[in-house]
Amino acid sequence: MLRTVKWLILCTIAFITICNVWIVATTHHGIVEDSRQLTGAEVGLVFGTSQHQVNGTSNPFFFNRVESAKQLLSTGKVEQLVLSGSKDSIYYDEAEAMKVALIDQGIDPELLILDKYGNRTIESLSRLKNVYGYDQCILITQEYHAYRCLFIAEKMGLHAQCFVAKTPDKKSHLWALLRELLARTKAVIDLYILSDDLK
């Protein structure tokens, strides 16, 4: 019994490792830190996250994504932004929060498209293609998340680059980075085993 448990643990670790190496190795070429290296696209997709951390302080992931999105609009790298995130209630609406933050920085609201049903990365990308009709885009998120975004986008037939927003100090956000290792594994399962999210 103990040998079986050890074997299952080793297999699980191996599968997680393979999924992560596969995703990073096949997508790193599409990650861009300097906006001048972007080819440009009609639309940029900003992935939602909470405006505040659990302790009530401002979430740097959120504000760094907003700042990067503003930069792409200001430099003409994208013509519009799709703000995609979850909405649990009138008190938690990631897309609306991004809209307010961008308008506060002088962005024309006519350039902002709100997608309030982007509860998961794979759903945000699927809706970008199947609901809003885009097949080319620039993705906006932090680097650790960018690899999975590009991996999913490629599988869906989206032509994408990812402009990475500044990542906060890794030591203080280690949990988010560790969680991403499992999220990448889940993405492989969704795309190559379940496949339903591609429809």
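The values are calculated or read from the model by the stated rules, or taken from the named source; none is laboratory data. Source: prediction; values computed, not measured. Cβ coordinates were reconstructed from backbone atoms using ideal geometry, including for glycine residues, and neighbour counts include every protein chain displayed. Ligands, DNA and RNA are excluded from the accessible area calculation, which covers all protein heavy atoms including side chains. Shrake-Rupley method; radii C 1.70, N 1.55, O 1.52, S 1.80 Å.
Condition first: assigned to a helix (DSSP H, G or I) and among the acidic types (Asp, Glu). Can you find one or more residues in region 113-132 that meet it? Walk me through it before giving the result.
Applying the first criterion (assigned to a helix (DSSP H, G or I)) to region 113-132 yields 121-130.
When the remaining residues are screened for being among the acidic types (Asp, Glu), the result is 123.
Checked against the condition, which is being assigned to a helix (DSSP H, G or I) and among the acidic types (Asp, Glu), region 113-132 yields at least one hit.
Quick one: in region 84-109, of everything that is out of contact with any Phe, Trp or Tyr (no Cβ under 9 Å at 6 or more places or on another chain) and in a strand (DSSP E or B), which residue is most open to solvent (accessible area, probe 1.4 Å)?
Per the criteria, the residue is ASP88.
Kindly indicate whether THR17 is modelled with pLDDT of 95 or more, more than 20 Å from MET98 (Cα to Cα), surrounded by fewer than 13 Cβ atoms within 10 Å (Cβ to Cβ) and not charged (D, E, K, R). Explain how you work it out, then say what you get.
Numbers: modelled with pLDDT of 95 or more: yes; more than 20 Å from MET98 (Cα to Cα): yes; surrounded by fewer than 13 Cβ atoms within 10 Å (Cβ to Cβ): yes; not charged (D, E, K, R): yes.
Answer is yes for this residue.
Take the residues in region 33-69 that are of a type in the set (Asp, Glu) and part of a loop (DSSP other than H, G, I, E, B); name whichever of them is least open to solvent (accessible area, probe 1.4 Å). Outline the logic, then answer.
Here is the first cut: in region 33-69, the residues of a type in the set (Asp, Glu) are 33-34, 42, 67.
Checking which are part of a loop (DSSP other than H, G, I, E, B) leaves us with 33-34.
Working: GLU33: 132, ASP34: 46 Å².
Here the answer is ASP34.
Just a yes or no: is a residue in region 66-77 in contact with a Phe, Trp or Tyr (Cβ under 7 Å, 6 or more places away or on another chain) and not charged (D, E, K, R)? Spell out the reasoning first.
To start, the set of residues in region 66-77 that are in contact with a Phe, Trp or Tyr (Cβ under 7 Å, 6 or more places away or on another chain) comprises 68, 72.
In the following step, the residues that additionally are not charged (D, E, K, R) were identified as 68, 72.
Checked region 66-77: at least one residue is in contact with a Phe, Trp or Tyr (Cβ under 7 Å, 6 or more places away or on another chain) and not charged (D, E, K, R).
Can you name the condition, by its number, that GLN80 falls short on among (1) in contact with a strand residue (DSSP E or B) (Cβ under 7 Å, 6 or more places away or on another chain); (2) open to solvent by 90 Å² or more (accessible area, probe 1.4 Å); (3) free of Cβ contacts under 8 Å to residues at least 60 places away in the same chain?
Of (1) in contact with a strand residue (DSSP E or B) (Cβ under 7 Å, 6 or more places away or on another chain); (2) open to solvent by 90 Å² or more (accessible area, probe 1.4 Å); (3) free of Cβ contacts under 8 Å to residues at least 60 places away in the same chain, only one is false for GLN80: (2).
Criterion first (of a type in the set (Phe, Trp, Tyr), open to solvent by less than 10 Å² (accessible area, probe 1.4 Å), touching a residue at least 12 places away in the same chain (Cβ under 8 Å) and not in a loop (DSSP other than H, G, I, E, B)) does PHE163 satisfy it? First the steps, then the outcome.
On the way: of a type in the set (Phe, Trp, Tyr): yes; open to solvent by less than 10 Å² (accessible area, probe 1.4 Å): yes; touching a residue at least 12 places away in the same chain (Cβ under 8 Å): yes; not in a loop (DSSP other than H, G, I, E, B): yes.
Yes; evaluated as a whole, the condition is true for this residue.
State which residue is surrounded by the fewest Cβ atoms within 10 Å (Cβ to Cβ) when the search covers only region 126-153 and only residues that are out of contact with any Lys or Arg (no Cβ under 9 Å at 6 or more places or on another chain) and of a type in the set (A, V, I, L, M).
In this case the residue turns out to be VAL131.
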